[in-house]
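Note sheet for the following structure.
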Amino acid sequence: MGALTHDLVEALEASDAERALGLFQKHLSRKGDAWDMHLSAFPVAQRVMNPPFINPHLPKMHRIYRELTPFLEKEDVPALIRLELTEFARRPKLEKLPKAALLTSRVVFSDVESSISRQDVEKTAVLMATLYAQEGRADLARRLLLLGSGYLDHSLGHSVSCTAFILLEMMERNDQDPWPALATLADYFCKGRFHAAPTLRPSATPDPDAAITDNILRATSGRGIVNLHHTITVYSMERVRQFFSPEEYSHLIGAWIEFMGEKEEEPIALDSRGAEGVYEYGRFYGMFSRLEAKPATAYLAPMFATPIERRRMGRFLIKSLCDLYQGDYNPHYLTGLGSVLWVLDRFRNQTTISLNALYQYLDFFFDGIRSRK
């Protein structure tokens, strides 16, 4: 880590937004890459809090930036990283947990569960780190996610969705010590009391892909944060699918379906007659900044058609999100955008699903922005 990025981490740690953004601008003025500053924030990103909630929303958001940047041109990236660094700087941080030595004895996952049940954060982190070393990161990820799958109702899905993205970023960063991420997960699982792994559900969903397709319209139906989490949860499950056996993944999707309860499909009714694809950002932002979800969704519908237009739509959505930023955002504005872009790609040939997902997200985002005005 260079001197400038070291200073940036210190400024974020101290919640000094003015200094952090000054260092970021200094880095850019030296022709530095904005993404390098994002990467340097990894250790402190794991400890950024979103009170009064216990869920690690900001560490999850840190990973989802990897999902957003492929939609952007290089000149777009600094605005997104500036937003991230501002959010990290302005928020309180979880107290740093001193790193402890790994255990020399053999550890099994039930030791982690017992430690969580005793609310022993330090011991839980050490046990997780020891398992990481003894059994490998993929096995630890699989066990933690299966444990979290038993608490979707209690955590509004975060016991899987936050855990999934934190683990993915930790595993991506071979250049970084995994301890900050493991310490955050240990703290979260203890606070949430996620200590008893569920019994795998009987294979009620033998074909997870069919089950997702059959239920995604339900997930993308409904307004507000609870309904948005139905979409975010399955998005996170798909991103960690590689860690599970077919039986385990069927269990995970079954847990998601149960999480949605008796919720019914509500296809959104829109009048998109005369809508045209949007090829110029200024025109797009003029429409977007009116904060009207139904007209915006109808306006964007023609951009579902091709990979090039879907990428352009993703870019315009991310740029607009950054241009509307006034220094205070709900992290679900970013994580929800990641989930809707996944839906638009996965279900690109199913317009009703795509419209529902986009409307659900825009309605949530616009409602939040209007409430702050």
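The values are calculated or read from the model by the stated rules, or taken from the named source; none is laboratory data. This structure is a prediction, so every number in the text was calculated from the model and none was measured. A quick note on method: Cβ atoms are made from the backbone with ideal geometry, for glycine too, and the neighbour counts reach across all protein chains shown. Keep in mind that these areas ignore ligands, DNA and RNA; they rest on the heavy atoms of the full protein, side chains included. Shrake-Rupley method; radii C 1.70, N 1.55, O 1.52, S 1.80 Å.
What to note about this one:
- Lysines with Cα under 28 Å of K93, excluding same-chain neighbours fewer than 8 positions away: K26, K60, K123, K191, K319, K373
- The trypsin sites (Lys or Arg not before Pro) of the stretch 8-71 that DSSP puts in a loop, and whose beta carbon has at most 14 other beta carbons within 10 Å, are R30, K31.
- Helix-only [θ]222 nm of the chain, DSSP H runs n ≥ 4, -39500 (n - 2.57) each, per residue, nearest 500: -20500 deg cm²/dmol
- Amide N of the stretch 329-358 lying under 15 Å from the label point, which is placed 7 angstrom from the Cα of D214 along Cα→Cβ: none
- FRET efficiency for the F53 to Q242 pair, using the beta carbon distance and R₀ = 25 Å, is estimated at 0.30.
- Restriction of the GluC sites (Glu not before Pro) in the stretch 214-292 to DSSP coil positions whose beta-carbon has at most 11 other beta-carbons within 10 angstrom yields E262, E264, E276, E280.
- Mean separation of Cα contacts under 8 Å (6+ apart) over length of the chain, as relative contact order %: 18
- Here each label is just a point 7 Å from Cα along the line to Cβ, and for S110 and I225 those points are 3.8 nm apart.
- Take the Cα of D175, step 7 Å toward its Cβ, do the same at E18, and the gap between the two points is 3.1 nm.
- Quotient of Cα Rg and 2.2 N^0.38 Å for the stretch 185-231, N being how many residues it contains: 1.57
- Annotation for the stretch 280-313 versus the stretch 9-79: alpha-carbon center distance of 26 Å.
- Extending 7 Å from Cα along the Cβ direction at K263 and again at R66 yields two label points whose distance is 2.6 nm.
- Quick note on the stretch 193-340: its Rg to Rh ratio, both from C-alpha atoms and Rh being the Kirkwood radius, is 1.02.
- Assigned charges on the beta-carbon of Lys, Arg, Asp, Glu; the stretch 97-233 dipole about Cα centre (debye): 300
- Local net charge near I54, Cβ-Cβ under 11 Å (Lys/Arg +1, Asp/Glu -1): +1
- Accessible surface, the chain, averaged per residue in Å² (probe 1.4 Å): 42
- Summing Cβ point charges (Lys, Arg +1; Asp, Glu -1) relative to the Cα centre of the stretch 148-300 gives a dipole of roughly 400 debye.
- For the chain, the C-alpha radius of gyration sits at 0.99 times the compact-globule guess of 2.2 N^0.38 Å, with N the residue count.
- Neighbour net charge for L168 - beta-carbon separation under 11 angstrom, K R +1, D E -1: +3
- Cα principal axis extents for the stretch 75-202, largest first, Å: 48, 36, 25
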